[in-house]
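Notes follow once the structure below has been shown.
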Amino acid sequence: MISVQKLVKRYGRGGSGGGGELAVDELSFEVARGEVVGFLGPNGAGKSTTLRILAGFLGMTRGSVTVAGHDIRDASFEARQRIGYMPEAVPLYPEMRVVEYLSFRAELKRVARARRAAYVDDAMAKVNVTDVANVVIGHLSKGYKQRVGLADALVARPPLLILDEPTAGLDPNQIREVREVIRGLGKEHTVLLSTHILSEVEASCGRVLVIAKGKLVADGTMEELARKRRSSGANLVVRGDLEMARSALQALDGVASVTSTTTGESHDLRLLWARAIDDSARLRATEQAVSAVVRAGCLVREVRPERSSLEQVFAELTLGGEHAREDDVESSEAANEGS
Amino acid sequence: MKSFWPIYKRELFAFFVTPLAWVLITVFLLVQGMHFFLLVENFANAGSAASDQTPVQAFFGNTILLYLVLFLLVPPMTMRLFAEERHSGTIESLMTAPVSSPAVVLAKYASVLTAYGAMWAPTALYLVILQRSSDVDWGAAASAYLGVFLVGAGYLAFGLLMSALTSSQFLALVLTALVVLGLFILGVGEFVTRDGTPMHTVASYVSAWAHMNDFASGIVDSRRLVFYGSCIVLPLFVTVRAVDAWRWG
């Protein structure tokens, strides 16, 4: 449905010859028909720029983009007819009534006169704005405006929906409502939505593309992303000789430090791995730690691994650099494959 | 061009739904009504011997009021066309719909032109009133309205261009006012330069004052038609290019 190849966008002077600010840097990805894909990245990563290029609002500096089989440079018109785009700011004409606005948009998007009213009613029903159909848009609350924007995107029943931060600025209840609407849309449309909120992707997307500084840094399902979660250490609660347990643990390969606190007869031991390790390495390291403590003659009461949250994975992916991960070869290869 | 019609309708709606439109129309009709009243009174008191002009000629030609009105009307009418949409971001949803740049530009232009025509339409009543007490040269009247339409259409085209060049409505207003004023002042040059100098030739060619005198007397000069045709087509063409530029740039 969408194919992006080596997309480059540079703002300002210089064009392709250098200079100016590089917003999108050799970005490549594909979105297949029927997918709901989350486009994830911190603010300023190039999400909106990429979506604007896909929607035909911005030109690109280099690369090629095909939407529904139409190159957006050569056949921008045909491509735009197949896209329902909701810009980040959800711009609407404040002086129009909801139903007037949607009819105008439907006419603009070439919905035949005979079907227009039905399409508008249908779109309003899908996003639950039928009750404000005759309200002037300028008087609507933010949540309603957001949903009118969503209705605008889908009024012409395009096969592809591109939604730029559809839940930005909403309260938690409205976010839940909009997410439910989006999940429903996934049944009939291919959806590409951008966000900087991880739980958003978890809630509504089958696949996630993570971009940072204009580059794709991860591409996969949520489970694949979760597999990148790493562990920095473990907590053990043991009973027995503290010094024996400590020295046994310290002797282990891959353990950087052991700290302990004693409460009553049990000792809390906190180990830190020499470096952050992925899930399979974590399991092996935990096994070794437990057996070392047992061999030292202690009894193990509790083992709690410390795992990074999805938020931390996101931070590591998008900030890059610091947490160099040699054992990551496998997963980063998988990411490249998808692009 | 299929997208012309919905955009045209929306633009007209957006113009007439604002209080600004009604303020402009009211001020315009008040000024024109006063102008007409004073003219008729003057003609009635002075008698036919006092002037070699007809009231229609005096109403449309040889009067500062026409330009004053255009100077006050055109900039606020055109300032919002593109600047407002760019400022509020609605341009993004407009241009990502399957529309072509020329269709958007022409639809917006046609809508202000229609609004401009609607402002002048009630003044036709003055002619009907005149006809009750004297003869009206309908040919000259038609030519005068053609002149009014052409001058206005040229100014509106410049206004549209200025609105596409900036996302600030105020700046669009000021720039348009400067262009209208500049053209007028250039035209006045006809009266202050010596006959035969290049400056005089240029000034007389762009002088809306002289053009309106011709039109008001029923003279439709093809040079004027070409001049105002260029004043319409050139800004519109540049506007289309400007829209494409900030879209694909």
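The values are calculated or read from the model by the stated rules, or taken from the named source; none is laboratory data. Everything numeric in this text was worked out from a predicted model, so none of it was measured. Backbone-built Cβ (ideal geometry, glycine too); neighbour counts: all protein chains shown. Heads up: the accessible areas ignore ligands, DNA and RNA and are worked out on the full protein's heavy atoms, side chains in. Shrake-Rupley method; radii C 1.70, N 1.55, O 1.52, S 1.80 Å.
Assorted remarks:
- Carbon plus sulfur fraction of accessible area for the protein assembly as shown, probe 1.4 Å, in percent: 58
- Annotation: for a label point projected 7 angstrom from Cα along Cα→Cβ of residue B:29, residues of segment B:123-147 with backbone N closer than 20 Å are B:123-131, B:145.
- 13 Å Cα-Cα reach of residue B:108 towards aspartates and glutamates, excluding residues that sit fewer than 8 places from it in its own chain: B:11, B:84, B:85
- Spin-label model, residue A:315/residue A:243: points 7 Å from Cα along the beta carbon direction are separated by 3.8 nm.
- Taking 18 Å as the cut-off, the amide N atoms of segment A:79-96 that come nearer than this to a point 7 Å along the Cα-to-beta-carbon line of residue A:35 belong to A:83-84.
- Residues losing 50 Å² or more accessible surface upon assembly, segment A:44-58, compared with the chain by itself, 1.4 Å: A:57
- Across peptide B:86-94, the mean count of Cβ atoms from other chains lying within 10 Å of each residue's own Cβ comes to 6.
- For the peptide B:95-105, the mean number of other protein chain Cβ atoms found within 10 angstrom of a residue's Cβ is 5.
- Between segment A:32-54 and segment B:184-242, the Cα center-to-center distance that results, in Å: 52
- Given 13 as the ceiling on other Cβ atoms within 10 Å, longest exposed-site-free region of chain A for GluC sites (Glu not before Pro) in DSSP loops: A:1-187
- Neighbour-limited loop hits for trypsin sites (Lys or Arg not before Pro), segment A:186-269 (at most 14 other Cβ within 10 Å; DSSP other than H, G, I, E, B): A:187
- Restriction of the trypsin sites (Lys or Arg not before Pro) in segment B:1-97 to DSSP coil positions whose beta-carbon has at most 13 other beta-carbons within 10 angstrom yields B:2.
- Value of relative contact order over chain A, rounded to a whole percent, pairs C-alpha under 8 Å and six or more apart: 18
- Cα-projected label distance for residue B:195 with residue A:139, points at 7 Å along beta-carbon direction, nm: 6.6
- Counting 0.36 nm for each residue step from residue A:8 to residue A:62 and taking away their Cα separation leaves a gain of 18.9 nm.
- Drop in accessible area of at least 50 Å² in the complex versus isolated chain, residues of segment A:107-131, 1.4 Å probe: A:107, A:108, A:110
- Helix axis angle, A:113-126 relative to chain A longest principal axis, alpha carbon, degrees: 30
- Average Cα contact separation per residue, chain B, under 8 Å, 6 or more apart, as relative contact order %: 28
- Accessible solvent surface per residue of segment A:37-127, calculated while the other protein chains remain in place, 1.4 angstrom probe, Å²: 36
- Nitroxide proxy distance, nm - points 7 Å out along Cα→Cβ at residue B:114 and residue A:279: 6.1
- Chain lengthening between residue B:245 and residue B:178 when straightened (0.36 nm per residue, less Cα-Cα): 21.7 nm
- Relative contact order computed over segment B:147-249 (Cα-Cα under 8 Å; 6+ residues apart), in percent: 39
- Positions from segment A:71-90 whose accessible area shrinks by 20 Å² or more when the full protein complex is built, not the chain alone, probe 1.4 Å: A:77, A:80, A:85, A:87
- When the protein assembly as shown is described by a simple charge dipole with +1 on each Lys and Arg Cβ and -1 on each Asp and Glu Cβ, the residue from B:21, A:257, B:136 located farthest towards its positive end is B:136.
- Cα shape, the protein assembly as shown, gyration tensor, a/c 1.5 rule: prolate
- Residue-normalised accessible area of segment B:1-137, given per residue in Å² at a 1.4 Å probe: 44
- Calculated FRET efficiency for the pair residue A:21/residue B:41, C-beta based, R₀ 56 Å, to 0.05: 0.25
- Surface burial for A against B, with a 1.4 Å probe and both sides summed, reaches about 2500 Å² of accessible area.
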